[in-house]
Amino acid sequence: MTWVLLIFVLLLPAVAFWLAFLWIPSPDEPPRWRTALASRLEAAADRLRRRQPATADPFEALRVQERLGAVAEHVLALEGDPHSFARAERIIASQLAYDQLLAEACKLAGVEVEPSALGDPYERFREEVELTARGWSW
């Protein structure tokens, strides 16, 4: 019983004073209530602010267009050369690289890329048509 009384008499006031001391701001930091209120107001302002759509960098779009043209020419050159070594594998790899570049171009142009199998010619054609309709050329 004396231990409980000792803990109650010594530790309870110490904890109370420690908690009260936490609410006293130091000279170089703002009060805690002010920072808590500021963070809540900033969160509310973020919800109310209108988000500006991010504009694509024109030089990034130009880089993707140039790479699309280079890979497309490479695929056409591979398809036209019947004597190249490992022709089918090189064509498949080049077409997959072309599909990756198409997906990047669609992201820049705001075209939705639908989930499909790798190398799907229908999805590739749809993306090419959508990009062409938005003024892209390669």
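Laboratory data are not the source of any read-out in this text; all were calculated from the coordinates shown. Bear in mind that the values here come from a model prediction, so they are computed numbers and not experimental data. Note: ideal-geometry Cβ built from the backbone for every residue, glycine included; neighbour counts use all protein chains shown.
Observations on the structure shown:
- Computed over the alpha carbons of the stretch 2-48, Rg followed by Dmax gives 17.9, 59 Å.
- Cα centroid separation, the stretch 92-132 to the stretch 45-90: 9 Å.
- Calculated SAXS-style log₁₀ I(q)/I(0) at q = 0.20, 0.25, 0.30 Å⁻¹ - the stretch 42-86, Debye, Cα scatterers: -0.76, -0.87, -1.00
- Working from the Cα coordinates of the chain, the gyration tensor eigenvalues give, after taking √(5λ), semi-axes of 66, 23, 13 Å in decreasing order.
- Which of 137, 84 has the fewest Cβ neighbours within 10 Å, and the rest in rising order: 137, 84
- The angle between the Cα long axis of helix 58-80 and the main principal axis of the chain comes to about 40°, on a 0 to 90 degree scale.
- Candidates 26, 116, 39: whichever shows maximal mean-square fluctuation once the chain is modelled as a Gaussian network with Cα springs under 10 Å: 26
- Summing charges over neighbours of residue 117, with a neighbour being any other residue whose Cβ is under 12 Å away from its Cβ, gives -3 when K and R count +1 and D and E count -1.
- Residue-averaged [θ]222 nm for the chain, counting only DSSP H segments that reach four residues, each worth -39500 (n - 2.57): -24000 deg cm²/dmol
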